[in-house]
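A.B. asks: Mind looking over this structure? Questions follow.
The values are calculated or read from the model by the stated rules, or taken from the named source; none is laboratory data. Owing to the predicted nature of the structure, the values given are computational and were not obtained by experimental measurement. Counting neighbours? That spans all protein chains shown, and the Cβs are built from the backbone with ideal geometry, glycine included. Accessible surface is based on the protein model in full, side chains and every heavy atom, while ligands, DNA and RNA are left aside. Shrake-Rupley method; radii C 1.70, N 1.55, O 1.52, S 1.80 Å.
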Amino acid sequence: SRSVDSLNETARLVQQRCDHAGIIQTSCHEIDLSDLDNLPEKFGRLLESCKKSDYDQCWLINNAGSLGPLGPASYLGSDASSMKELQHAVNLNITSGIWISSQFTKSFLKPCKISSSPLIRIVNVSSLCAIEPFPTMSIYC
């Protein structure tokens, strides 16, 4: 989501439409996944705030992504500012997704043996570009 309000609305809809037994807990957190310098601290605090023994299932839904710089590959990263845009897009679209998935899995497997750990699901939401590439969108796809 692009805003905390949209995240909260999504959480409300999940509760309303899916939680007929009153057992689903949702929480929304605003973290800049492209800021790799601060990501370990902020995501680490989030994971530490979860009481892992309370869950039968744990879901991470990652919908972060950005088009980043668009254009033919020969023009990407041609100056310092476009190099920073390129790095920002790679950090957000690739690096942080892999890293938070790894940390989430480790965090929920850590407190107990794998056989008694909660069911862990990670959903990485993508776009049409994941199955149908478009010219000039190599950083996003």
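A.B. asks: Can you report the number of residues in the stretch 2-13 which are among the hydrophobic types (A, V, I, L, M, F, W, C) and surrounded by fewer than 13 Cβ atoms within 10 Å (Cβ to Cβ)?
C.D. replies: 2
A.B. asks: Search the stretch 116-137 for residues that are small (Gly, Ala, Ser) and pair each with any residue that is open to solvent by 90 Å² or more (accessible area, probe 1.4 Å) and at pLDDT below 80 when their beta-carbon atoms are under 6 Å apart and the residues are at least 6 apart or on different chains.
C.D. replies: Here the result reads none, with nothing in the stretch 116-137 linked to a residue that is open to solvent by 90 Å² or more (accessible area, probe 1.4 Å) and at pLDDT below 80.
A.B. asks: Conditions: (1) open to solvent by 90 Å² or more (accessible area, probe 1.4 Å); (2) without any contact (Cβ under 8 Å) to a residue 12 or more places away in the chain; (3) of a type outside the set (D, E, K, R). Residue 22 meets all but one. Number of the miss?
C.D. replies: (1)
A.B. asks: Search the stretch 1-55 for residues being outside any helix (DSSP H, G or I) and among the charged types (D, E, K, R), and hand back the single one that is modelled with the lowest pLDDT.
C.D. replies: Once the filter is applied, the top-ranked residue is 2.
A.B. asks: So how many residues does the stretch 64-86 have that are part of a helix (DSSP H, G or I) and touching a residue at least 12 places away in the same chain (Cβ under 8 Å)?
C.D. replies: Count: 4.
A.B. asks: Here's another thing I want to ask about it. Scan the stretch 39-59 for residues that are under 23 Å from residue 91 (Cβ atoms), surrounded by 11 or more Cβ atoms within 10 Å (Cβ to Cβ) and more than 15 Å from the chain's Cα centre (by Cα) and jot them down.
C.D. replies: 45
A.B. asks: Just wondering, is there one or more residues in the stretch 67-78 that are in contact with a strand residue (DSSP E or B) (Cβ under 9 Å, 6 or more places away or on another chain) and surrounded by 14 or more Cβ atoms within 10 Å (Cβ to Cβ)?
C.D. replies: The answer is no; no qualifying residue exists.
A.B. asks: Could you please find all residues in the stretch 79-123 being exposed (fewer than 12 other Cβ atoms within 10 Å of the Cβ) and modelled with pLDDT of 80 or more?
C.D. replies: Across the stretch 79-123, the qualifying residues are 98, 102, 106, 119, 121, 123.
A.B. asks: I'm trying to understand the selection: among the residues of the stretch 128-141, which are over 18 Å from residue 91 (Cβ atoms) and part of a loop (DSSP other than H, G, I, E, B)?
C.D. replies: Selection gives 131, 132, 133, 134, 135, 136.
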